[in-house]
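The structure appears right after this line, and notes come after that.
We did not get these values from a lab; they are worked out from the coordinates using the rules stated. Every value quoted in this text rests on a predicted model; they were computed, and no experiment measured them. Please note: Cβ atoms are built from the backbone with ideal geometry, for glycine as well, and neighbour counts cover all protein chains shown.
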Amino acid sequence: MKVTGFTFIRNAVKYDYPVIESIKSVLPVCDEFIVVAGNSEDSTRQLIETIGAGKIKIIDTIWDDNLREGGRVLALETDKAFRAIADDTDWCFYIQGDEVVHEKYLPEIRSAMQKNLNDKNVDGLVFKYLHFYGSYDYVGESYQWYRNEVRVIRNNKNIYSYRDAQGFRKDNNKRLNVKEVDAYIYHYGWVKKPDAMQKKQEDFNKLWHDDKWIEKNIPKKNEFDYSNIDILRKFTGTHPEVMQERIHKINWKFDYDISKGELKFKDKLKKMCEKLGFDIGQYKNYRLLK
């Protein structure tokens, strides 16, 4: 069984992406790894080169900055990486530049890929998510955060990145048939230095909206205000080993009073249904196979 990892990245230094940690977290289960490096304004490409693993292949690309609709350029860059994967690969492990896998899940992920290798009806594996916010101590609890997404796909070039690269589709907009894997993706996209987060908000939204929308909806300021959040819970687990140095270097303070947050009634109902084994009102960009 051959596994190839793939990702895209641009301006990782400017926006403080943990892309090195992201790639390193899945390298142990990958035979090779494709990185599509966009035309950055910083030293992102040199940063990727520091990984030094013989598994890494870097492909330089130019983003279409005129494409400002629905985050479509993110899907196009994802597809560039996916199309570069060799035909002898069986499974493709997609990881975004702010996502990290804890090493404790790697054996389960590898086992799930091996178990479903010969079942061609299985297009991929769907993961659970933890969304960290403000600091490494809190995770999003409300249902504004997506709960699951596909991150391992079969090397079938009829599959393509969907919308803004959150998931995948195949064969003219069909959802993938997937199996659940008992593993979490740790999403650190909302844990950055406040100034880097503010830069990201101002620039990244240009991939979805025009200048008039940006001017109206994204306030100009030096630092992002993390206090505007509904409900978080304290994270009591451990972070991936590859994240430890980054966590140790955190140089800003974020405090949240968990007693003030309360789920809305509809979210409480969803949570109750989840405990009973039912998913109510959760968007699924895939077909779950039992």
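Here are some notes:
- Net charge of Cβ neighbours under 14 Å - reference His248; Lys, Arg +1; Asp, Glu -1: -2
- Of Lys104/Lys253; Lys128/Lys234; Lys104/Lys128; Lys55/Lys249; Lys104/Lys284; Lys14/Lys221, those spanning more than 20 Å from alpha-carbon to alpha-carbon: Lys104/Lys253; Lys55/Lys249; Lys104/Lys284
- For the chain, the Kirkwood estimate of the hydrodynamic radius, built from every pair of different alpha carbons, is 20.0 Å.
- Amide H partners (placed H, <5 Å) of Phe6, local residues excluded: Ile34, Phe93, Tyr94, Ile95
- Along its three principal directions, the equivalent ellipsoid of region 89-143 from the Cα gyration tensor extends over semi-axes of 28, 12, 11 Å, largest first.
- Relative to the compact-globule estimate of 2.2 N^0.38 Å, the Cα radius of gyration of region 126-207 comes out at 1.30.
- Residues with amide H under 5 Å from that of Ala183, placed H, sequence gap 5 or more: Lys128
- The chain: calculated mean residue ellipticity at 222 nm from DSSP helix runs of at least 4, using -39500 (n - 2.57): -6500 deg cm²/dmol
- Residues Asp255 and Phe204, FRET efficiency given R0 of 22 Å [Cβ-Cβ distance, rounded to 0.05]: 0.30
- Ranked by the mean number of other Cβ atoms within 10 Å of their residues, highest first, the peptides 71-77, 57-63, 31-37 come out as 31-37, 71-77, 57-63.
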